[in-house]
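Chemist: Dropping a structure here in structure tokens format, bear with me for questions.
The values are calculated or read from the model by the stated rules, or taken from the named source; none is laboratory data. Model, not experiment: these values are computed from the prediction. Virtual Cβ from ideal backbone geometry, glycine too; neighbours counted across all protein chains shown. All accessible areas refer to the heavy atoms of the entire protein, side chains included, with ligands and DNA or RNA removed. Shrake-Rupley method; radii C 1.70, N 1.55, O 1.52, S 1.80 Å.
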Amino acid sequence: MERDALSLSTIDVPMAKSTLSFVCQNCGAAYNRWQGKCESCGEWNTLAEEDTTGSVPVSIRSKRKGRTFALESLSGKAQDAPRLSSGLSELDRVTGGGFVRGSVLLVGGDPGIGKSTLLTQATSLMARAGHRIVYISGEEAVAQVRLRAERLGLSDAPVQLAAETSVEDIVSTLSEGAVPRLIVIDSIQTMWTDTVESAPGTVTQVRASAQALIRFAKKTGAAIILVGHVTKDGQIAGPRVVEHMVDAVLSFEGEGSQQFRILRAVKNRFGPTDEIGVFEMTGLGLREVTNPSELFLSERDLGTPGTAVFAGIEGTRPVLVELQALVAPTSLGTPRRAVVGWDPSRLSMVLAVLEAHCGVKLSGHDVYLNVAGGLRIHEPAADLAAAAALVSSLVNAQLPTDAVYFGEISLSGVVRPVAQTPARLKEAAKLGFQRAVLPESARGEASGDAGLSLNAVNSLTTLVAEIAARGSRRGDQSAPAEKNATPARFRRGEG
Ligand code: TYD
Ligand code: MG
């Protein structure tokens, strides 16, 4: 005690205590000492030493007297949230109708997926509509951003552009003149602020920079878009901590080899979270795709066993997409299970139900399942289509090309109803499909709809028997699976 008092008396200016801790670069959890694994998120080797000294020096913090503020009633005049349309209807669909004044939005995605392209297009359209729009690039030089705008034919748009990384400089520059309607920060990982000690790109820096920008947005009413890169497993690197601070998180996804891009709302305080926007990357930038089903079905491989069309719902919009399965005898002790675009545990469940209730033995087979077009499906309603594609591949029997499938499969093998049957059927009819395989219990809801012929199944066993019958009618069910069978063979088999 005495020693403390003595040492304190010798220091007349209280100093900010520098606190070094080990911060997980994935989730932001802080530890006193280094360890190999983050206990909070389970990631390995993500801890890095950072100076986590608070952004306000202790000397100021302790002397600052609390300011008084007015308390308000719940029934007060509701502040409406006026929205700014982006000029791209697919982007507006995902944000819930445009950017809300004073809101902060994080757009995440792999490097090279097209985030800067999307935002260059959107900001140009908004600036052309007469709004003050600012684009701050921390990754590219002004010339590079200009080059992209030129390629997109948007050089004439009055977007205010700068290549800057200091948050303080950005905030003071933007505090002058009219409040910008929208500010794009590309990307948040490149921003840094004087108020914290750690290096740019670290969790502490990213968090402090985001905090300063969010404060600016709330104070002035400008909307801010933060761009964030994601790691290969889909987490927004570093700024995962930012996800909790912002009003909305949009994720820009797509398979590298394909030109389709899907913008998905992961979190949205001002709109729905299950809505998707679909774009196509072309030589002239991103093109909006207003009818995704047509796009996803445009390269259908007709005449191949193992494919089934799923009538899905993404947000408020029905989307038809092809599921492709390949079931082949395995040469490995443990057969492979690989899935792209769908939940692997959902595939395991469907396989288990097929084994346990339908007598379909798959333990000696490798199983591959792929959602065509780079879409990622989250609905359990895809169970039935996945099962149909799997069995179709196993028995080497092509499914009818004019049929769509939807329905959830329970652990007991019962096909359960799913939401929005009429919307799914209407979309299928619009795209020229003739029949739908759907849950028995959804038949009532579907009656008189869309003019499709309905094949209602109440258990997976029924569906498996039907597909197996198609296979045996072709007479080669026991023959080794031949994946390159010609369409002529199928016609002979079916006739
Ligand atoms: P970019 O927007 O820079 O990606 P991000 O900001 O997410 O890192 O997009 C980069 C890719 O998009 C690049 O590989 C080139 C391609 N691209 C086109 O195909 N067409 C275009 O008109 C533009 C501008 C980019
Ligand atoms: Mg970029």
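Chemist: Over segment 295-491, give the accessible area per residue in Å² for a 1.4 Å probe, as an integer.
Modeler: Per-residue value: 41 Å².
Chemist: Per the 1.4 Å probe, what fraction of the accessible area of segment 265-333, in percent, lies on carbon and sulfur atoms?
Modeler: 54 percent
Chemist: In sequence order, what are the phi-derived ³J(HN,Hα) couplings for segment 462-468 according to the Karplus relation 6.51 cos²θ - 1.76 cosθ + 1.60 with θ = phi - 60°, rounded to whole Hz, with x for glycine and proline?
Modeler: For segment 462-468, the Karplus curve yields 4, 5, 4, 4, 4, 5, 4 Hz.
Chemist: Identify the residues of segment 329-372 with backbone N under 19 Å of a label point that sits 7 angstrom from the Cα of CYS41 along the Cα-to-Cβ direction, or state none.
Modeler: What the label zone holds, given the 19 Å backbone N cut-off, is no residue at all.
Chemist: Also: Against the globular-protein guess of 2.2 N^0.38 Å, express the Cα radius of gyration of segment 295-491 as a ratio, rounded to two decimals.
Modeler: Here the Cα radius of gyration is 0.95 times the empirical estimate.
Chemist: Kindly identify segment 339-434 as rounded, prolate or oblate by the Cα gyration tensor criterion: order the square roots of the eigenvalues as a ≥ b ≥ c, call it rounded if a/c is under 1.5, otherwise compare a/b with b/c, prolate if a/b is larger, else oblate.
Modeler: In terms of gyration-tensor shape, prolate.
Chemist: Convert each backbone phi in segment 270-276 into a coupling constant with the Karplus relation 6.51 cos²θ - 1.76 cosθ + 1.60 (shift: θ = phi - 60°), then list the ³J(HN,Hα) values in order as whole Hz, x for Gly and Pro.
Modeler: In residue order, the calculated couplings are 10, x, x, 10, 9, 7, 10 Hz.
Chemist: Here is a further query. Of LYS361/LYS426; LYS218/LYS267; LYS65/LYS267; LYS115/LYS430, which pairs sit farther than 27 Å apart, going by alpha carbon to alpha carbon?
Modeler: In this structure, LYS361/LYS426; LYS65/LYS267; LYS115/LYS430 lie more than 27 Å apart at Cα.
Chemist: Next up: Residues with amide H under 5 Å of GLY108's amide H, sequence separation 5 or more or different chain, H placed in the peptide plane at 1.01 Å from N; which?
Modeler: The answer is GLY228, LEU250, SER251, PHE252.
Chemist: Under 5 Å between amide hydrogens, which residues at least 5 positions from VAL289 or on another chain qualify, with H placed 1.01 Å from N in the peptide plane?
Modeler: Here the answer is VAL278, PHE279, GLU280, since their amide H atoms fall under 5 Å of that of VAL289.
Chemist: Could you run the Karplus curve 6.51 cos²θ - 1.76 cosθ + 1.60 with θ = phi - 60° over segment 90-103 and give me ³J(HN,Hα) per residue in whole Hz, x for Gly and Pro?
Modeler: Working through the residues one at a time gives 5, 6, 4, 4, 6, 6, x, x, x, 7, 7, 3, x, 9 Hz.
Chemist: Same structure again: Within segment 93-157, what whole-number % of the accessible surface is contributed by carbon and sulfur, with the 1.4 Å probe and all protein chains included in the calculation?
Modeler: 48 percent
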